[in-house]
Structures are given as structure tokens and as C-alpha cells.
Amino acid sequence: MRKLVAVMLFSCLPVMAFAAGGGNNKYIVDAPVNLQDKVSLQNGAKLFVNYCMGCHGMEYLRYGRMAEDLGIPDDLVLENLNFTSDKIGDPMENGMAEEDGKQWFGVTPPDLTLAARHRSADWVYSYLISFYEDEERPFGYNNHVFPNVGMPHVMAGMQEELSEEEFKSNMGDIANFMTYAAEPMAPTRERIGVYVLVFLGILLIPAYLLKKEYWKDVH
């Protein structure tokens, strides 16, 4: 019942996202999403686990499903990407207690499984690259896309170490992974769609020739 309520609440997020995050924001840019790019998805998964899962979880995505879809061996997932469980079939939950999150950040950090679906991949990517220094904020950073957000800039160290292009590439990989996580069937559906279009294209040839044969005597 608890998860059902959570899913129902997420269905209301499109309106909430525009209200809280600024729907018509000039800082929103296109996200480099490519669900067929497994290298990007694998890097995004690694970065999400190491930088985001300290506070956020993905309780509607299981480690095993991610491993299968992204082509990562189960043993590598358990060794390098699973710090909260010892089973490959467990959901990707974080280890933070809700009470602690609320005390530290003023609100419990939300689960991010469906964030890219309801916020949009562009919003997520733009949010990740839009932190800036602001001494008036509790953690010293603010965000152009989500002003006065309670989340600290956990990627600040990475941003200082990398070039702007490299940092944006990493943030694009995280957005790509979150887009996959919001709808794991999407990459498979895209691949099947390509096959269907190729099949229909081939079928068009005999269909056209048959049409010409049937209608050649019709004047």
C-alpha cells in the first residue's frame, strides 16, 4: 500500500515540478540522452550510486534488472554498485533513514526512480549543471533551475577537477541513466521499433508491386 501511494503521488509530479522547479526556465537545455549508449548508461549508473545514493534511492529498480539491461556482470554490480544489500535481486534503496534526511535537509530526499519521467530528462540534466556558489544558502550553493533547493552540490569536487566539457558529459550520463531507470523497457522498445520499421519498409515493396498488378487494368 505504501508503494502504491508513492506511485500515485508521482503521477501528480508534472504540475508540482513546474511549480517547484520552474517549468519555463531559461536555464533548461537539451539533455544528451541516448538509451542505446550502454557506455553512457554504465557510467551514469556508477556516478549515481557513488554521488546520489547516499541520500536518494531507486526503490522501483532492482540491481539485477539494471545489471541485465546495462550489460554489467552481477558480481561487478554486487562488488562495486551495491552498498546497501547483499542480493542482486533487491531494489536500489539507499541507507539513509527518513528521519535523518528530514533533520539534515529539512525534507526527506525523494526517491528518484521516476524523476526523469515526470521532471523530464532535460530538467534533470539542466539541474545537475546549474549549481552556483551562494554564501546565503546553508550549503554554500544555489541552483538556477531549482532556486533555493535544499540539496547540497555533491558534485562540486568533481566539477572543480574536470573541464566543463567533461563535467557536463558526466552529468549527461547521470541524466541518461535516470531516464533509463524511469522506464527500463524504453531501450528494448526502441530497438524493437527499429526492427518493425525495417520490416514495414521491406513489406512496402511487394505491397506496392501487388497494388500495381491489381490496378494496371483499371482505367
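Here are a few things to note about the model shown:
- In summary, the helical segments of the chain meeting the span-like criteria, namely a full DSSP H run, a Cα extent along the axis of 20 angstrom or more and a mean Kyte-Doolittle hydropathy of at least -0.5, are 164-182, 186-215.
- GNM flexibility winner over the chain from K26, K87, K168 (Cα, springs under 10 Å): K26
- Estimated 222 nm signal from helices in the chain, with DSSP H stretches of n ≥ 4 weighted -39500 (n - 2.57), rounded to 500: -16500 deg cm²/dmol
- Comparing V194, V77, V154 in a Gaussian network model of the chain where C-alpha atoms under 10 Å apart are linked, the largest mean-square fluctuation is found at V194.
- Pairwise label distance in nanometres, T84 with N148, each label 7 Å out on the Cα-Cβ vector: 2.9 nm
- Alpha carbon convex hull of the range 86-188, projected area averaged over orientations, nm²: 8.2 nm²
- What separates the Cα centres of the range 99-148 and the range 22-84 is a distance of 17 Å.
- Set against the labelled values [x] 44, 38, 33; [y] 82, 43, 42; [z] 69, 54, 29, Cα extents along the principal axes in Å computed from this structure falls on [y].
- Accessible area in square angstrom per residue, the chain, 1.4 angstrom probe: 61 Å²
- Within the accessible area of the chain, the carbon and sulfur atoms contribute 58%, probe 1.4 Å, all protein chains present.
The values are calculated or read from the model by the stated rules, or taken from the named source; none is laboratory data. It should be emphasised that the depicted structure is a prediction, and the values quoted were computed from it without experimental measurement. Every residue, glycine as well, gets a Cβ built from its backbone with ideal geometry; the counts of neighbours run over all protein chains shown. Side chains are part of the model used for accessible areas, which takes the heavy atoms of the whole protein and leaves out ligands, DNA and RNA. Shrake-Rupley method; radii C 1.70, N 1.55, O 1.52, S 1.80 Å.
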